[in-house]
Each structure stands twice: as structure tokens, then as C-alpha cells.
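Here, each number is a calculation from the coordinates, and none is a lab measurement. The structure presented is a predicted model; accordingly, all values stated were derived computationally and were not measured. Cβ atoms come from the backbone with ideal geometry, glycine included; neighbour counts cover every protein chain shown.
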Amino acid sequence: MSQRIPIVDADIHERAQYEDLLAYLDEPFRSYIKDCNWIQEKHMPYVQPTVAGLDRADAVLPDGSPAGSNLHFMQEQLLDDIGHEIGILTGALDPSPSSMHGWYEMAAALATAYNDWQIENWLEKDERIYGSVHVAAQDRDAAIKEIERVGNHPKMLQVMLPMDDIMWGDPYYHPVFEAAEKHDLIIGMHHNEPPVYYGKWPRYFIEWHSMISTTHMKQVTNMIFNGVFEKYPNLGVMMIEGGFTFVPHLMWKLDQQYRDLRNEVPWVKEKPSNIMKKHFRFTTQPAEELTKKEFMSIIEQMGTDEMLCFSTDYPHFDYDSPTRSLPNLDSDLKEKLFYKNARAFYPKLSNR
């Protein structure tokens, strides 16, 4: 960019190791890790096609520590170098509490410890950094309890919910949205493991990585037709790390189905495309390599330039640079994509 403009980055993965959380874990969960050497097995069955695995090689710390695990290094490599006004942390605990399909008490304890670790070591040490409330999604009531515990923190912007084998539009989970709305939090959705659109892992990583957007499409559809936004009219949802070029197709498809089958969902009072415009935002990463003409065509098909928010996905290997990932857009649109849309969408930023 010839002229540096503020950036709100909607997807930065800070990373914790289990040993980082020991001081924040109550017993007996601390002893399960410290004394019993409990480590949850990793799920992803692929060798990543990069020299550093899932992360950028240059984001691994000089001492070999994992990428995203050190605030000072992230400040130098990302926040100071790029010129972030705000960076929104979306988390990385490998594997995450939300991917535990058993032992929900441990998952809830890890989520609580992670949030306390995040607040003390990140949010309170850099005024540019904001965070996400992590929950044990498998246990609805524990998730609500955690939202109530830390949701009022002024730098917590959203509740992170995984996209795996839970369809969040189900009325059983609506109290989670009620708690988020109560605390001026939006919902941040990020794909998780295993991928719900296959039910099991596909044969190759390239298949999984190519089809991530399909699980985003399923969650948007599920939440709209289950009446989430009629019940919670102030709720917003940020769809993270699924791209955006699928959005016009989904808007058209849902509107067409609504015209044909709306009698099945009488609680949905307006066109799905209008609901999407009001309640959903989509991060730009991973951005396809579009020309300016192609990019503007997507915006035109959406019918609004307010649905996209910039993200880097730092420190992952498919990181999107603000200077290279998008075409050379007009200055007004750049400002919306890079910071205005996100600031307007997050309640705690719009009041900042």
C-alpha cells in the first residue's frame, strides 16, 4: 500500500502450550498434565505441505518455540511491521478444548485457564490486542458459565465457537447466543476438527483445505433457518478463515429456497440475504488471487461493501499480507475492508 492505513486484523492465532496453562488450572486438572503427563492426541492426519508444518517458517521463534507463542516476537513481526491498529486473537491450543469429544470437565477447565492466560499475557500487555472467549463447546452450560465469567472484560470481543460436529442453529444452543448478546459479544466461528462436511477426514490435505468454505456455508444456513436472528436481533457472527467468494452464491441459493419453502420456517421473517447482510461478516483470508474487476464483481453481487473484514491468519502458512493478498482497490473501499467494517461490527470496538 502506497499509503499506510490502520488495520484491524480479525484473525491472529496466539499459541499456548499445555505447560503455559498450569498456573491457571485448578486441581485435579493441573496434576493430570503435570504429574500424569496427559496430552491429548493431535487429530489432523496430514503432513503439511510446508517446511514449518501449519505455520510460516519465519514465524517460528529463534529458540525453536512454536509460532505465535511469544508476544514480543509477534509485535516485531506483525503488529509493528504491518502497522496494526487492532489485532483480534482467535487462539491456538493444539488441540483445542473444543476438539475434545470426551472428558468435558477437562475441556472446560482448559478453556477457563486459556482465557485467564490470554488476558494476563496478551490483552493486558498491548493496547492493540483484543481477545476471544474460548469455551468447551461440547458442554453448553459450561460454555455459558465461562461467557458470564469473562464476557464483561472490555477487551473480549467475541465468543469463539468451533465448526465441527455441532450445528449451532439448534435451539438447544440458543442460550449461548443469549449470553453473548448480553455481554456485547459477537460470535466468532472458525472451522475445527473433524470437518463436519465429510464426517471423517478426506484422503488429502488439499481436499480439506479446498473445501473449508462448505462448513461455513452449512453453519450460516443452519443459523438463519433455525431463527437465531429473530430471537437475538443484536447478535453478529464473524465467519473466520473461510474466505468470501462463496457468499453471493449462498445468498442467492438461500433466497431461492426461502421463496419456495418459507412455509416450513414461518419464524424467518425476511430474506436470508438481508439477514446475512445485517448479521454476518466474513474475513478475507484465505483470499483467492482476484483482479480488481473480479473482486469488485463479488462486492457488487453481495449488494454491499460492508460484509468483508480483513484478516491475516498469522502465523499460518497461508498468511495473507495486507499489501499483497488483495488487488489495488479504491481508497474508500480499502478503508472499509481494512478497519471500518470490523470496527462497526464489534460492539466493543464501535463504542471505542
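Of Gly91, Met238, Thr112, whose Cα points farthest to the positive end of the dipole of the stretch 7-350 (charges on the beta-carbon: +1 Lys, Arg; -1 Asp, Glu; origin at the Cα centre)? It is Met238, whose Cα lies furthest towards the positive end. Take the Cα of Ala57, step 7 Å toward its Cβ, do the same at Lys253, and the gap between the two points is 3.8 nm. Magnitude of the charge dipole for the chain, about its Cα centre and with charges confined to Cβ atoms of Lys, Arg (+1) and Asp, Glu (-1), is about 1100 debye. Placing a label point 7 Å from the Cα of Asp330 along the Cα-to-Cβ direction, the residues of the stretch 296-313 with a backbone N closer than 18 Å are 296-308. Taking 7 Å steps out from each Cα toward its Cβ at Lys34 and Lys231 produces label points 4.1 nm apart. Computed from point charges on the beta carbon alone (+1 for Lys and Arg, -1 for Asp and Glu), the dipole magnitude for the stretch 213-347 about its Cα centre is near 440 Debye. Out of the GluC sites (Glu not before Pro) in the stretch 247-292, which ones are loop residues according to DSSP with at most 15 other C-beta atoms within 10 Å? Within the stretch 247-292, the qualifying GluC sites (Glu not before Pro) (loop, at most 15 other Cβ atoms within 10 Å) are Glu270, Glu288, Glu289. Think of it as helices only: each DSSP H run of n ≥ 4 in the chain is worth -39500 (n - 2.57), and spread over all residues that comes to -9000 deg cm²/dmol at 222 nm. Quick one: check the C-alpha center-to-center distance for the stretch 252-328 versus the stretch 163-238, whole angstrom. A separation of 15 Å, based on Cα centres. Mean sequence separation of contacting Cα pairs (under 8 Å, at least six apart), scaled by the length of the stretch 230-352, corresponds to a relative contact order of 27 percent. Modelled label positions at Thr304 and Asp260, each set 7 Å beyond Cα in the direction of Cβ, lie 2.6 nm from each other. In sequence order, the stretch 238-255 has phi-based couplings of 9, 8, 10, 6, x, x, 8, 5, 7, 4, x, 4, 5, 4, 5, 4, 5, 5 Hz under the Karplus curve 6.51 cos²θ - 1.76 cosθ + 1.60, θ = phi - 60°, and Gly or Pro positions carry x.
With the cut-off at 1.5 for a/c, could you classify the stretch 1-159 from its C-alpha gyration tensor as rounded, prolate or oblate?
Values: a/c = 1.94, a/b = 1.34, b/c = 1.45.
Because a/c hits 1.5 or more and a/b fails to exceed b/c, the stretch 1-159 counts as oblate.
Close amide H pairs (under 5 Å, H built 1.01 Å from N) link Ile187 with Val159, Gly236, Val237, Met238, residues at least 5 positions away or on another chain.
Considering Cα pairs under 8 angstrom that are at least six residues apart, work out the relative contact order of the stretch 7-350 and quote it in whole percent.
The normalised contact order for the stretch 7-350 reaches 20 percent.
For the cross-link pairs Lys155/Lys292; Lys200/Lys277; Lys218/Lys348; Lys125/Lys277; Lys125/Lys293, which exceed 30 Å when the distance is taken from alpha carbon to alpha carbon? Flagged as over cut-off: Lys155/Lys292; Lys200/Lys277; Lys125/Lys277; Lys125/Lys293.
By DSSP, the beta bridges lying fully in the chain are antiparallel in about 5 percent of cases.
For Met156, the residues whose amide H sits under 5 Å from its own are Gly131, ignoring neighbours fewer than 5 places away on the same chain, with H placed 1.01 Å from N.
At a 10 angstrom cut-off on C-beta neighbours, averaged per residue, how do the peptides 45-55, 212-222, 126-136 rank from highest to lowest?
126-136, 212-222, 45-55
Within the listed set Lys182, Lys271, Lys34, the Gaussian network model of the chain (springs between alpha-carbon atoms below 10 Å) gives the highest mean-square fluctuation for Lys34. Averaging the Cα positions of each part gives two centres, and for the stretch 31-72 and the stretch 132-151 these lie 25 Å apart. Summary value for the stretch 142-289: 25 percent relative contact order, contacts being C-alpha pairs under 8 angstrom separated by 6+ residues.
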